[in-house]
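Chemist: Would you mind keeping the following structure in view while I ask a few things?
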Amino acid sequence: MTKQTSFTQGKILQPLILFAFPVLLALFLQAMYGAIDLLIVGKFASSVDVSAVSTGSQIMVTLTNLVSSFAMGLTILLGQQIGRGEKEAGGKSVGTGILFFIIIAVIMSIAMLFLAPQVSSLMNAPQEAFDKTVAYLRICGGGMVVIVAYNLIGCIFRGLGDSKTPLITVAIACVFNIIGDLILCAIFHMGTEGAAIATVFAQVISVLISLLLIRKTELPFTLHRKYIKNH
């Protein structure tokens with residue numbers, strides 16, 4: 001496991017910088033999903049596809065940042081409880097977070113699946129690219145579950161003092177996103193839909209790796225199924 005950062009002993013500035021930089025870089029890489037899609041679609045697809053990806057990716061970045069902001073709150077609370085040695089309280093916070101993020105994932109997924117035309121219209125998507133924008137939002141919106149899952153696992157790692165592991169997983173996802181974009185857009189000429197599918201697939205890879213790593217981590221809090229409720 002990646003070495004954890006301690007904020008309870010010694011000077012605070014250096015550990016804070018070492019902890020914060022991977023967080024900022026991970027958020028930057030998450031925001032780059034849409035930019036990568038736009039770059040590759042612009043190279044191998046039509047201007048209509050470029051317009052659709054440009055509009056759709058802005059909406060997805062906004063939703064991702066919203067989820068990341070919620071995750072930061074759990075990171076802070078969990079870090080405080082771990083620092084005080086409150087194992088049961090930490091487990092209950094994670095349990096509440098799991099329930100909270102499940103609700104967020106369901107609401108966002110349903111909203112993007114059914115309200116994609118209205119959102120596209122609100123964003124003034126060009127008429128020629130309107131249907132493709134809707135398709136991009138529905139595919140990526142259907143993947144909100146994995147976006148939320150990644151941010152939940154990432155905030156737990158950061159609450160443990162480990163901000164490097166979430167960075168590594170999102171960097172791996174970026175690589176898979178590029179590979180997926182090239183295969184679906186350059187070879188199969190799927191355009192907007194291909195870029196959206198590649199993005200969701202890359203995020204699934206990120207979640208699977210995160211789950212594998214956290215299962216191998218000795219957690220400093222107690223988590224039971226009965227804790228997965230509102231505390």
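Chemist: In the stretch 9-124, which helices (runs of 4 or more DSSP H) lie fully inside it and hold 2 or more residues that are surrounded by 18 or more Cβ atoms within 10 Å (Cβ to Cβ) and polar (S, T, N, Q)?
Modeler: On the way: elements: 13-44, 47-83, 87-122.
Ranges flagged: 47-83, 87-122.
Chemist: List the pairs whose first member sits in the stretch 38-56 and is touching a residue at least 24 places away in the same chain (Cβ under 8 Å), whose second member is basic (Lys, Arg) and surrounded by 20 or more Cβ atoms within 10 Å (Cβ to Cβ), and whose Cβ atoms are under 7 Å apart, counting only residues at least 6 apart or on separate chains?
Modeler: VAL48/LYS132; ASP49/LYS132; ALA52/LYS132
Chemist: Condition first: of a type outside the set (Gly, Ala, Ser) and more than 21 Å from ILE59 (Cβ to Cβ). Now tell me which residues in the stretch 179-206 satisfy that.
Modeler: ILE179, LEU182, ILE183, ILE187, PHE188, HIS189, ILE205
Chemist: Please go through the stretch 154-179 and pick out each residue that is over 30 Å from ARG84 (Cα atoms) and either buried (at least 24 other Cβ atoms within 10 Å of the Cβ) or basic (Lys, Arg) (or both). I'd like the intermediate steps shown before the answer.
Modeler: Initially, the stretch 154-179 is screened for residues over 30 Å from ARG84 (Cα atoms), giving 171-179.
Within the stretch 154-179, ALA173, ASN177 meet the criteria.
Chemist: Out of the residues in the stretch 199-216 that are buried (at least 21 other Cβ atoms within 10 Å of the Cβ) and not β-branched (Val, Ile, Thr), state the one that is nearest to the chain's Cα centre (by Cα).
Modeler: So, considering only residues that are buried (at least 21 other Cβ atoms within 10 Å of the Cβ) and not β-branched (Val, Ile, Thr), the one nearest to the chain's Cα centre (by Cα) is GLN203.
Chemist: Do we find that ALA111 is within 19 Å of ALA125 (Cβ to Cβ), within 19 Å of the chain's Cα centre (by Cα) and without any contact (Cβ under 8 Å) to a residue 24 or more places away in the chain in this structure? Before the answer, list the steps.
Modeler: Details: within 19 Å of ALA125 (Cβ to Cβ): yes; within 19 Å of the chain's Cα centre (by Cα): yes; without any contact (Cβ under 8 Å) to a residue 24 or more places away in the chain: no.
Considered against the rule, which asks whether it is within 19 Å of ALA125 (Cβ to Cβ), within 19 Å of the chain's Cα centre (by Cα) and without any contact (Cβ under 8 Å) to a residue 24 or more places away in the chain, ALA111 comes out as no.
Rundown of residues vs (1) outside any helix (DSSP H, G or I); (2) modelled with pLDDT of 95 or more, yes/no style:
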residue	(1), (2)
VAL145	no, no
LEU152	no, no
ARG158	no, no
GLY161	yes, no
VAL170	no, no
PHE176	no, yes
ILE179	no, yes
LEU182	no, yes
CYS185	no, yes
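The values are calculated or read from the model by the stated rules, or taken from the named source; none is laboratory data. From a predicted model like this one, the values you see are computed outputs, not experimental measurements. Note: ideal-geometry Cβ built from the backbone for every residue, glycine included; neighbour counts use all protein chains shown.
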